[in-house]
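Values in this text are rule-based calculations from the coordinates and carry no lab data. Every value quoted in this text rests on a predicted model; they were computed, and no experiment measured them.
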Amino acid sequence: MTGSPQRSAPELLPHGLDGLVLRFATALTEEANAAVQAFRARAEAADLDGVLEIVPALASLYLRFDPAVTSRAALAEALRAMLDGADAATAAPPPRRRWIIPACFEGADAPELGEMARLAGLSEAEAIRALTETETRVLAIGFAPGQPYLGLLPPQWNVPRRTSLTREVPAGALVAALRQLVLFANPSPTGWRQVGRCALRVFQPEAERPFALQPGDALRFRAVSGAELERLDREAGDGLGGAVLERLR
Amino acid sequence: MSAALTVHRIGPAASVQDGGRPGLLASGLARGGALDRRALAEAAALLGARSPLAGLELPGTGGAFSVDAPITFALTGAPMAARIDGRALAWSATHRLHPGEGLEIGAVRRGAVGYLTPAGSIDSAPLLGSRSAHIAAGLGRWLAPGDSLPCATAPGDEALAGRLLSPEDRFSGGVLRVLPGPQTGLFPAPLRAAFAGARFRIGPRTNRQAAELLCPDWQPNHHAGDLVSDIIGPGDIQITGDGTPFVLLAECQTIGGYPRIGTVHPADLPTLVQSGSDAALSFRFTAEEDAPAWVPEAEEIAALARRITPLRRDPATMPDLLSYQLISGVTAGDDA
């Protein structure tokens with residue numbers, strides 16, 4: 001993930017009989033990810049014939065189409081025409097929604113914050129400030145249902161995950177690597193370093209809105225104590241752990 | 001109207017499955033649903049439905065079942081030994097089960113996964129648009145003895161019993177077509193050729209998320225590089241860190257970083273799913289224009305429905321020939 005970014009035009013690649021991948025880069029860069037987010041917004045607005053779902057990954061966009069309605073060739077042509085019309089300096093579109101999410105960055109909820117801060121060349125206080133002051137975006141949702149990849153953090157946070165040692169983190173764990181954060185949906189082993197914990201449950205199958213987050217959402221973390229996090233979670237009682245959603249447009 | 005299908009005994013990793021939950025990839029949820037989608041289509045065709053019904057997915061072995069009201073049901077997928085009160089049942093066919101009778105389904109004879117589908121569908125409350133258990137996502141659970149599953153019934157159901165649909169053999173391995181995918185080009189041509197030349201069998205690390213492919217001669221010493229994670233889906237062939245290929249199945253994760261050499265053609269995925277550990281599998285890279293085109297589900301079901309024939313009793317499956325009058329009008333021979 002740390003290779004030099006690809007500068008050529010996005011590639012259109014096949015995926016199965018009913019899928020098409022638009023690859024902006026083979027490595028995650030700010031530019032590639034902004035291009036993914038920008039193009040996703042445009043492709044959704046374009047309401048292309050026969051497109052069933054548009055799914056952002058970190059540096060690529062996947063489109064599933066209905067071969068009974070459109071063909072790979074016709075869809076590829078429509079996408080190429082949209083790419084040709086795109087601005088060279090593509091910026092991610094402004095967010096439609098912003099979450100303010102309480103998170104605890106202390107003690108047992110942040111067992112590797114110190115190590116992560118050291119690797120990023122920051123004090124713990126500076127690391128917490130970066131985590132609470134950076135407005136991140138949901139870059140992609142995946143691995144587990146509702147589980148977001150958030151980013152990008154400032155360049156110092158480009159720290160690789162551990163290659164060997166993995167440890168089990170709880171649901172709600174906020175883990176960091178490669179300028180990204182992941183908010184874990186379920187208890188899971190990971191090589192990413194746990195820097196905090198939220199009470200927000202990103203997937204609640206029985207809830208009216210089972211998936212809290214959507215790709216493109218903006219997020220800010222609000223530092224609270226562990227006791228405060230528990231209190232917020234208990235008082236809200238909706239599994240959102242005190243998270244507040246603002247609609248921006 | 002409805003009936004309750006009671007589970008008295010059931011094998012491990014059995015679950016309710018239908019067509020799954022397409023359209024939730026952006027929320028990180030794979031489609032899920034039946035591992036062998038053709039078995040689902042066969043059941044729908046046999047039971048006169050136009051779209052897939054929810055049934056029981058039975059990997060490896062079946063179980064024992066009874067009902068509190070009559071139901072018609074289809075048995076599809078991997079052939080298993082099935083009996084009602086000792087009377088052997090034809091597979092890939094429909095039958096009637098009455099209250100007081102016991103339906104017993106044993107181990108697979110060939111293949112890997114059988115399906116028991118009631119004519120009116122398992123009628124449990126859908127969750128996120130489907131009745132499928134999606135264990136990896138925490139939706140639903142494995143079936144257990146004592147479970148009672150609601151089945152919708154209709155007055156016309158009885159006429160659906162006694163139908164047969166000879167399946168195409170997909171239970172003994174074979175050559176599977178592989179479509180080039182977004183990362184196929186990252187694998188050098190000799191490596192792709194070596195993959196296509198290898199004979200694999202299904203390994204023990206196989207579940208609803210992925211099938212492990214084993215071959216002693218396949219030892220790639222190539223690493224496709226550190227890739228940024230991408231959207232992945234059923235049929236994708238991941239080459240994991242130690243070189244072992246895994247074919248992703250219904251409950252796979254939605255984003256993954258292992259390089260993928262290609263995607264098994266959806267028409268051939270049922271063959272992969274139905275390959276037992278003794279079946280030999282190999283792969284042939286096939287350009288999309290040379291591969292079978294996409295077939296909409298409704299068309300697949302309609303095509304299967306045209307092949308249905310009435311089920312005639314086969315003497316070979318009759319448990320007690322003496323209990324049948326084989327030729328009418330013949331006397332015992334000693335009444336001269």
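Counting only residues 5 or more places away or on other chains, whose amide H sits under 5 Å from the amide H of residue A:186 once H atoms are built in the peptide plane?
Those lying under 5 Å, H to H, from residue A:186 are A:172.
Dimensions of chain A along principal axes (Cα, Å, largest first)?
56, 42, 34
Going by amide H atoms built from the backbone, whose H comes under 5 Å of the H on residue B:80, apart from near neighbours?
B:109
Step through the residues of the stretch A:56-66 one at a time and calculate ³J(HN,Hα) from phi using the Karplus curve (6.51 cos²θ - 1.76 cosθ + 1.60, θ = phi - 60°), rounding each to whole Hz and writing x for Gly and Pro.
Along the stretch A:56-66, the couplings run x, 10, 5, 10, 8, 10, 10, 10, 9, 10, 9 Hz.
Springs between alpha-carbon atoms under 10 Å, Gaussian network over chain B: tell me which of B:124, B:148, B:229 tops the mean-square fluctuations.
Ranking B:124, B:148, B:229 by mean-square fluctuation puts B:229 first.
In the Gaussian network model of chain B, springs joining C-alpha atoms below 10 Å, which of B:209, B:238, B:219 carries the largest mean-square fluctuation?
B:219
Taking H as built 1.01 Å from N, whose amide H comes closer than 5 Å to the amide H of residue B:210, not counting residues under 5 places away?
Hits under the 5 Å cutoff: B:249.
Compute a Gaussian network model of chain B, connecting alpha carbons closer than 10 Å, and tell me which residue from B:79, B:190, B:70 fluctuates the most.
Between B:79, B:190, B:70, it is B:190 that shows the largest mean-square fluctuation.
Please state the relative contact order of chain B as a whole percent: Cα pairs under 8 Å, 6+ residues apart?
21 percent
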